[in-house]
Amino acid sequence: MDYIDLEYEPNEKDLIAMYYVEKDISCESIERACHEIAKESSIGTWTDIRTMSEEISERLRPSGFYIDKENNIVKIAYTHELFEADNMSQILSAIAGNIYGMKVLNNLRLLDITFPREIVNVYKGPHFGIEGIRKLTGVRERPLLGTIVKPKVGLNEIQHAKVCGEAWEGGLDIVKDDENLTSMVFNKFEKRVEETLKIRDKVENETGEKKIYMANITAPMSTMRQRADYVIDHGGEYIMLDILTVGFSALQEIREYLDDKNVVVHAHRAMHAALTRNEKHGMTMLALAKLMRLIGMDQLHTGTVVGKMEGGKREVLETNEVITESTISGNNITMLNQNWHHIKPTLPVASGGLSPLHVPDLINILGKNMVYQFGGGCHGHPKGTKAGAAAIRQAVDAVLDNITLEDYAKNHPELNKAIEKWGSISI
Ligand code: CAP
Ligand code: MG
């Protein structure tokens, strides 16, 4: 099995992929499984071929250098020459491509990736990063607070803009389109952006606070460019897109396109759970998040721990660490530490099933260097969106002042009403 070399010492020019592997009964050993993964993800196929040469094999053959039989974990080191550095689609077609479908495996999960400098260096990373977002919004000492207009789709442009206005007036920093709101027969993108940004300007003047609208530009590439330009031409400073459904190539393209346009890119991860949820198959959110930071997403949904979506505490904290630290610590064994100093940090976003009552646990578990978004937890408030927004802001103020929500609610009626409605939430 010449794709296994347990003596091999990875170097800084190698890309290292770490997998969880469940072999099929037809596969004699985990060594054989690792050998097949390394082969199929690089230069080999199911049989020996007359067109292979010693020179190609010596130059490009990867090494399965680490096999943990107890935990079903293998690590494979690939020379950087196997990859087109600035082509994330090609990198994934190699290390996250055919191998998922091989009959010798029952399950395969890409746990983590260490990128060589040759690859890290060609990516811009986030344009704004956390410091840039804090500077743009003027919000430094607390989490950024946002809502998602609900219903997800259904409102017309004027109704949408009105809901945004109420959320901003109530005290939220950010309002975003939902992941499936793009340009509908009842809510055209251009009119929605125009009406919403008009109200944004009005509320900014009234409150003296920076207000952010994240318009969803998800669409075929040429339309995304047009929609991003439309947002910019109308004074918008953020765009959002659905990173999985637009695809890795489009992400690289739009990041390049926006590089000199001073626009914050918010990454929604709709569809990610098709890849990340099954703990035995697919890829971890941590691995996906590393790709997103490299490509250059400024903000990225990574999970709430306490809300309606899956994603446990360790997974969310590890993922948030990987997108915010400048030295990426090798997770687990012999994943080389990496310094991504020139790659700015991505701001983690917690969203999904959250209400003001979750705020103490959110800040306790995930901290203040976050974006917290409340959809139903804002518009579901008994007194409506503006009161819901006020309740969210009050909950954060209470935690930052070390006051319990119950005590703070005694003279903050909006929070009190939220507790009356959602107080039974088991957190
Ligand atoms: C939240 C949300 C978010 C998901 C994202 C939704 O609304 O707008 O898209 O939660 O999940 O459509 O469900 P609610 P994640 O606040 O009303 O739940 O961040 O885990 O990708
Ligand atoms: Mg949504």
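In this structure, residue 325 and residue 198 have a Cβ-Cβ separation that, at R0 = 56 Å, corresponds to a calculated FRET efficiency of about 0.90.
Restricting segment 1-32 to GluC sites (Glu not before Pro) that sit in a DSSP loop and have at most 16 other Cβ atoms within 10 Å of their own Cβ leaves 7, 12, 28. Summarised as an ellipsoid, the chain has semi-axes of 43, 23, 18 Å, derived from the eigenvalues of the Cα gyration tensor scaled by 5 and square-rooted, with the largest first.
Could you please state how large a percent of the accessible area of segment 1-131 is carbon and sulfur, counting protein chains only and using a 1.4 Å probe? So the carbon and sulfur contribution to the accessible surface is 46 percent. Taking each DSSP H run with n ≥ 4 as -39500 (n - 2.57) and averaging over every residue of the chain yields -11500 deg cm²/dmol at 222 nm.
Just for segment 129-422, what percent of DSSP beta bridges are antiparallel, to the closest 5?
Working: 3 of 28 bridges.
The antiparallel fraction comes to roughly 10 percent.
Since only 281, 357, 220 are under comparison, the one whose Cα sits farthest along the positive direction of the charge dipole of the chain, derived from C-beta charges on Lys, Arg, Asp and Glu, is 357. If R0 is 35 Å, the Cβ-Cβ spacing of residue 48 and residue 314 corresponds to a FRET efficiency of close to 0.25. Highest-first packing order for the peptide set 228-234, 296-302 is 296-302, 228-234, based on the mean count of other beta carbon atoms within 10 Å. Relative to the Cα centre, the charge distribution of the chain, modelled as +1 at Lys and Arg Cβ and -1 at Asp and Glu Cβ, gives a dipole magnitude of about 1460 debye. Spin-label model, residue 80 to residue 401: label points 7 Å out along the Cα-to-beta-carbon direction sit 5.3 nm apart. Each peptide in 160-170, 355-365 gets a packing score, the mean of other Cβ atoms within 10 Å over its residues, and the list from highest to lowest is 160-170, 355-365.
For the cross-link pairs 386/421; 150/191; 162/410; 13/39; 69/103; 103/290, which exceed 23 Å when the distance is taken from alpha carbon to alpha carbon? Violating the 23 Å limit, Cα to Cα: 162/410; 103/290.
Output the relative contact order of the chain, whole-number percent, from Cα pairs under 8 angstrom with separation of 6+ residues. All intermediate terms of the calculation are to be shown ahead of the outcome.
On the way: 832 pairs, mean separation 66.6, N = 427.
In percent, rounded to a whole number, it is 16.
For residue 124, a cut-off of 15 angstrom between C-alpha atoms picks up these aspartates and glutamates, skipping any fewer than 8 places away in its own chain: 86, 253, 256, 259, 260, 298.
In the chain, taking the dipole from charged Cβ atoms about the Cα centre, the farthest positive-side position among 311, 114, 89 is held by 311. The orientation-averaged projection of the convex hull spanning the C-alpha atoms of segment 14-120 amounts to 6.8 square nanometres.
The values are calculated or read from the model by the stated rules, or taken from the named source; none is laboratory data. All of these numbers come straight from a predicted model, not from anything done at the bench. Neighbour counts run over all protein chains shown; Cβ positions are idealised from the backbone, glycine included. Surface accessibility is based on the protein's heavy atoms, side chains included, excluding ligands, DNA and RNA. Shrake-Rupley method; radii C 1.70, N 1.55, O 1.52, S 1.80 Å.
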